[in-house]
Amino acid sequence: MDDAQAFEQFKQCTVKVLGVSPEQVTMEASFAEDLDADSLDIVELVMELEDSFGIKVEESELEGVNTVGAAYELVKGKLA
Amino acid sequence: MKLAFTDSHPEGIEAPYQVAITGLGVVSSIGTGKEAFWDGLLKSENPSPTRLVEDFDPSNWMSVKEARRADRFNQFGVAAAQLAIDDAGPLEVDPARAGVWMGTGVGGLTTLEGQVLLAHERGPDRVTPFLVPMMMANSNAATISMRFGFTNVCQTTCTACAAGTHAIENAARLIASGRATVMLAGGSEVATTITAQAGFANMTAASTTGISRPFDVDRDGFIMAEAAGVVVLEELGHALARGAHIYAIVAGAGSNADAHHITAPAPHGVGAAVCMELALTDAGITADEVGHINAHGTSTQLNDRSEAEAIEKVFGDRQVPVTSLKGALGHGLGAAGAIEAIGACLTFENNLIPPTANTKNVDPEIHIEVVTGSPRPLPEGVIISNSFGFGGHNGTLVLKRHEG
């Protein structure tokens, strides 16, 4: 899976769970400020990403992950 | 409605305010919105073996994200509340004087059942963080209060198939006693999961022939429906001042318990009879002033027989036309009382009693005047609407015309 494919998949998960438009899912977008996502939304998004990418994200790893870019880097780092 | 019963006023002290119904919102298998709903109620038959709202699209009522966070019963209730608010017109009410009181039998059962399977099949860490807010029975009232910003009383009544009626009663009392000016009240239910259907079927309460025919000699149980109904209750003076359309006045209500059995009604409908009498006393009227009875009439052997006996006990030899809307609607459980109260409002509006759909041969053991076949002109008088829930919960509303 190349980088563009992976981000597209990430974007689809985010659109599905947060009910935002694909254009809103940019690297700079803040979950709280730009995507209206609270902590429960983030938990659900992580579960969706885990399923979609076949990965496991520990709760401790989410510390400080406030933007789409940071979350995507976290996911990408787990792809073999 | 009466405010209190005291030693010096055993007949009851009249509440300071009257309660008007000024908005109707309904989601049902025979139609969403009051017009389609009424058209569906006038049909003499509904042969469908299910009562699901196949065409319900939550995106008509809420954002994609809100819909994902709301169980289907909550989506239904929100849609009914929005329809009721739209129907009532601009309420011009201080949000601190407006509240919500909903009823449901079980709450977010669809979500719970799905998540139980998920937890067992894929492990507890797959359970959605929204499980609790989606399944809890009070989620619908909470969502409605948030949607409209209403900060007065916001509660949920959970009395099985009487919940919708009790919710309207409880909300009406808040207005009658001056604690609130406007209340959104009603019931919502989506409990048509495979497990709940099996529960009702295995207790032989559900119809095996797939026909809901209340009071018929061949009745063999109810058909479970998904539905929601919400009414706007409003202090009469407030409603008049803003020129609102008034469907009916909630003149009184009764609530009591059989204290007999967890599913079977008390023998000869003794609890139901007392409930109707309590409601008439609350309205300050006698049985002679009732023109029509909107029955609970589920199409089960036990309910229909005991309800008919209760009606006979209260009304004696006088034959009052009785209809059960469950022939058309099926049994909406916690929503039933609310959608049937809406049916009663529309009965006033159209001066017509809808027939008890599908009923052809009234049980010879049942000695009440059941309206079947085609609609019948509505006689003078008030309408009473009954609901009885598993657990022995009884509820009756007394609705009268606003003579203005």
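Read-outs throughout are calculated quantities, based only on the coordinates presented, and are distinct from any laboratory measurement. Since the model is a prediction, treat every value here as computed from it, not as a measurement. Methodologically, a virtual Cβ is constructed for each residue, glycine included, from the backbone with ideal geometry; neighbour enumeration extends over all protein chains shown.
Computed on the Cα atoms alone, the convex hull of chain B gives a volume of 135 cubic angstrom per residue. Specify which residue in the list B:Gly395, B:Val371, B:Leu346 is farthest towards the positive end of the charge dipole of the protein assembly as shown, using unit charges on the beta carbon of Lys, Arg (+1) and Asp, Glu (-1), about the Cα centre. Among B:Gly395, B:Val371, B:Leu346, the one farthest towards the positive end of the dipole of the protein assembly as shown is B:Val371. Model label sites at A:Asp51 and B:Leu240, defined 7 Å from Cα along the beta-carbon direction, differ in position by 5.6 nm. Were the residues from B:Glu35 through B:Phe5 laid out at 0.36 nm apart, the gain over their Cα-Cα distance would be 6.8 nm. Put +1 on the Cβ of every Lys and Arg and -1 on every Asp and Glu Cβ in the stretch B:45-165; which of B:Ser48, B:Gly89, B:Leu118 then has its Cα farthest towards the positive end of the dipole? My answer, from the dipole projection, is B:Leu118. Cross-linked pairs A:Lys16/B:Lys65; B:Lys326/B:Lys360; A:Lys76/B:Lys65; B:Lys43/B:Lys326; B:Lys360/B:Lys400: Cα-Cα separations exceed 19 Å for A:Lys76/B:Lys65; B:Lys360/B:Lys400. Taking only alpha carbon atoms, the stretch B:273-368 gives an Rg to Rh ratio of 0.93, where Rh is the Kirkwood radius.
Length gained on full extension, A:Asp2 to A:Ser39: 10.4 nm, using 0.36 nm per residue less the C-alpha separation. Distance from the Cα centroid of the stretch A:15-80 to that of the stretch B:147-175 is 39 Å (rounded to whole angstrom). Note on B:Thr50/B:Ala119: beta-carbon distance plugged into 1/(1 + (r/R0)^6) with R0 of 22 Å gives a FRET efficiency of 0.20. Ordered by the number of other Cβ atoms lying within 10 Å of each residue's own Cβ, fewest first, A:Phe10, B:Phe37 fall into the sequence A:Phe10, B:Phe37. With R₀ set to 35 Å, the beta-carbon distance separating B:Lys65 from B:Ala201 gives a calculated FRET efficiency near 0.45.
Using a ≥ b ≥ c from the Cα gyration tensor of the stretch B:90-243 (square roots of the eigenvalues), is it rounded, prolate or oblate, where a/c under 1.5 gives rounded and otherwise the larger of a/b and b/c decides, a/b for prolate? Cα axes put the stretch B:90-243 in the oblate bin. For A:Lys78, the aspartates and glutamates whose Cα falls under 17 Å of its own Cα, not counting residues fewer than eight places away in the same chain, are A:Asp2, A:Asp3, A:Glu8, A:Glu48, A:Glu50, A:Asp51, A:Glu58, A:Glu59, A:Glu61, A:Glu63. Think of the stretch A:31-80 as a dipole: +1 on every Lys or Arg Cβ, -1 on every Asp or Glu Cβ, centred on the Cα centre; then among A:Ala80, A:Val43, A:Leu62, A:Ala80 lies furthest on the positive end.
Using Cβ point charges alone (K and R +1, D and E -1), the dipole size of chain A about the Cα centre works out to roughly 280 debye.
Between B:Glu289 and A:Lys76, the FRET efficiency from the beta-carbon distance, with R0 = 60 Å, is close to 0.20. Computed from point charges on the beta carbon alone (+1 for Lys and Arg, -1 for Asp and Glu), the dipole magnitude for the stretch B:115-222 about its Cα centre is near 360 Debye. Taking 13 Å as the cut-off, the amide N atoms of the stretch B:23-51 that come nearer than this to a point 7 Å along the Cα-to-beta-carbon line of B:Ser374 belong to B:43-44. Computed per residue of the protein assembly as shown from DSSP H runs no shorter than four, each worth -39500 (n - 2.57), the mean residue ellipticity at 222 nm is -11000 deg cm²/dmol. Magnitude of the charge dipole for the protein assembly as shown, about its Cα centre and with charges confined to Cβ atoms of Lys, Arg (+1) and Asp, Glu (-1), is about 860 debye. Taking Rh as the Kirkwood radius computed over C-alpha pairs, what is the Stokes-Einstein D of the protein assembly as shown at 25 °C in a medium of viscosity 0.890 mPa s, expressed in µm² per second? This corresponds to a translational diffusion coefficient of 104 µm²/s.
Here B:Lys313 is the anchor, and the aspartates and glutamates within straight C-alpha reach of less than 18 Å, apart from those fewer than 8 places off in the same chain, are B:Asp258, B:Glu277, B:Asp288, B:Glu289, B:Asp304, B:Asp363, B:Glu365, B:Glu369. Largest first and in whole Å, the equivalent-ellipsoid semi-axes of the stretch B:324-404 read 20, 18, 12, each the square root of five times a Cα gyration tensor eigenvalue.
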